[in-house]
1. Which members of the range 37-65 meet the condition of being assigned to a loop (DSSP other than H, G, I, E, B), open to solvent by 30 Å² or more (accessible area, probe 1.4 Å) and closer than 26 Å to residue 388 by Cβ?
2. Are there any strands (runs of 3 or more DSSP E) wholly within the range 353-427 with 1 or more residues that are in contact (Cβ under 8 Å) with a residue 40 or more places away in the chain and open to solvent by 30 Å² or more (accessible area, probe 1.4 Å), and if so which?
3. For the range 334-352, name all the residues that are open to solvent by 10 Å² or more (accessible area, probe 1.4 Å) and under 21 Å from residue 407 (Cβ atoms).
4. Within the range 264-288, which residues are of a type in the set (A, V, I, L, M, F, W, C), assigned to a loop (DSSP other than H, G, I, E, B) and either surrounded by fewer than 24 Cβ atoms within 10 Å (Cβ to Cβ) or on the phi > 0 side of the Ramachandran plot (or both)?
5. With respect to residue 66, determine if the residue is more than 29 Å from residue 264 (Cβ to Cβ), touching a Gly at 6+ places or on another chain (Cβ under 9 Å) and either in contact (Cβ under 8 Å) with a residue 12 or more places away in the chain or of a type outside the set (Gly, Ala, Ser) (or both).
6. Looking for whichever is touching an Asp or Glu at 6+ places or on another chain (Cβ under 8 Å) and farther than 17 Å from residue 338 by Cβ here; the options are 314, 277. Which one fits?
7. Being closer than 20 Å to residue 235 by Cα, acidic (Asp, Glu) and open to solvent by less than 10 Å² (accessible area, probe 1.4 Å), is that true of even one residue in the range 303-319?
8. Whether any residue in the range 255-263 is surrounded by fewer than 17 Cβ atoms within 10 Å (Cβ to Cβ) and part of a strand (DSSP E or B) is what I want to check.
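The values are calculated or read from the model by the stated rules, or taken from the named source; none is laboratory data. These numbers come from a predicted model, not from an experiment. Don't worry about glycine lacking a Cβ; one is built from the backbone with ideal geometry, like all the others, and counts go over all protein chains shown. To get the accessible areas, we keep the full protein, side chains included, count just its heavy atoms, and leave off ligands, DNA and RNA. Shrake-Rupley method; radii C 1.70, N 1.55, O 1.52, S 1.80 Å.
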Amino acid sequence: MPRSFKAILFALPVVLAALALPLPADDWSHWRGPTGNGTAPEARPPLEFGGGRNERWSVEIPGRGSSSPIVRGERVFVTTAVPTADDPATFDFRVICLDRATGRERWSRTVTTARPHEGTHQTNGFASASPCADDERVYAHFGSRGLFCLSLDGEPLWDRDFGDMRVRNGFGEGSSPTVHGDVILVPWDHEGPSMLHCLDARTGATRWEAPRDEPTGWSTPLVATDRSGLEQVIMNGQTAARAYDLATGREVWRCAGQTQRPCASAVAVDGTAWVGSGFRGAFLGAFDMAARGDLQGGPGVLWTHAKDTPDVASPLLSGGRIYFYKDKSGLLTCLDAATGKPFWQTARVEGLNATYASPIAAAGRVYLTDRRGTIVVIADAPDLQVLATNSVGEGVDATPAAAGDALFVRGESRLFCFAEEKVSARP
């Protein structure tokens, strides 16, 4: 055999392995995915899974947390709060990194050990904020315990302490940070002085702070661009939905009308933002991001919807449609994003009864997660078509992540990676 041909054969497995590595487009680096709207345009997760079917791997995650997993390159990150052996009211707050292909633990780091100063809702643990990552760092936010920046290999780089939150009714903390370019945005709405923090992602130094006249809220910032090219940070709020200039923190626009203690995060595309909430009321508005100042009652409000809007789960924006649950019930509505007109409203989908996780979309499908661990898959289409009903076998409150050919689901005790089983060709 010629020497050059041997060299090609020797190199072939290496080349094939390199081709198999996940591309950046296959990442899910933030709890609402690569678009910030709950969609993964390049992902190809399986339609059917659970009960051992199409399960690539699953691993036990110690402690408790309803934070969502994120996927960056060859790594999967998840956060958790683990009671210490000496005092069950004191927790080790950990970031865990798993190998994307195998589920093997790459590293686990306790970033701080603390006894929370307040309690939390019975359905909410102390690790509810989802991490986020860029090409060099992973950021884990444990609220009153601090924001921690680690290298992708788990080395501590910097941390910030913003003090202690005072949360409405002791319901606990949970807003997630958002990394965008060279900054990270940290929401801080509570019963004390509320703030939106913008930090240098490399050093943790403050770039700007925007005071907010807001009580407790649990929404996460979304960065989107208006038609002039201005990057805006869109935030929900009980007093008003608002947008801030990403570069300066200056308020760009606002609109009152949201309900109490909003949890749902905004979605946006092509210069329009949609913001809604559904606790003790109902409101969803479509806002022209090119508008400025107070938009209430003006042409900057493109349409509003005041019925059966979401509470804990955020809406999904996909294919020119907005999907959302009524309150926490699992009753599903789908609106035309451009007009607000319904394709269907408060449809009962068998298998969905109580929902915390937000809907996501990939591969022309929408994945809907019930708190009991049922995941119903419907067509991403104007008419309601149920394609499959799956169960992971344990409760799920965290929003799944779709990346590459896999769906990553964080349950009560385990993290699952579901992917289509490959059928080997006969020799």
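1. 41, 42, 44, 47, 48, 51, 52
2. The strands (runs of 3 or more DSSP E) meeting that bar are 365-369, 386-391, 414-419.
3. Correct list: 350, 351.
4. Result: 279, 282.
5. no
6. Testing whether each residue is touching an Asp or Glu at 6+ places or on another chain (Cβ under 8 Å) and farther than 17 Å from residue 338 by Cβ leaves just 277.
7. The answer is yes; a qualifying residue exists.
8. Checking the range 255-263: not a single residue is surrounded by fewer than 17 Cβ atoms within 10 Å (Cβ to Cβ) and part of a strand (DSSP E or B).
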